């Protein structure tokens, strides 16, 4: 099976969850408590999904150099 493509909303969700986790993990809360208090009410994901997202690398946006654009500046007037 190939690699699954992830969209912009997934990248944002992963970044937001990692940011929230980073803010609260320094205070000494357990992962389960962070999920219970802050992640589940905001995102509605299971604890297992939370752990999978913590282990997932934050995907970088794909370069759009492969596709032509109407707004490319070729230097021609």
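Across all directions, the average projected area of the convex hull around the alpha carbons of region 1-50 is 4.1 nm². Going 7 Å from the Cα of residue 46 in the Cα-to-Cβ direction, what parts of region 9-39 have a backbone nitrogen less than 20 Å from that spot? Answer for this model: 10, 13-14, 17-18, 31-39.
No lab work stands behind these numbers, since they all come straight from the coordinates. From a predicted model like this one, the values you see are computed outputs, not experimental measurements. Cβ coordinates were reconstructed from backbone atoms using ideal geometry, including for glycine residues, and neighbour counts include every protein chain displayed.
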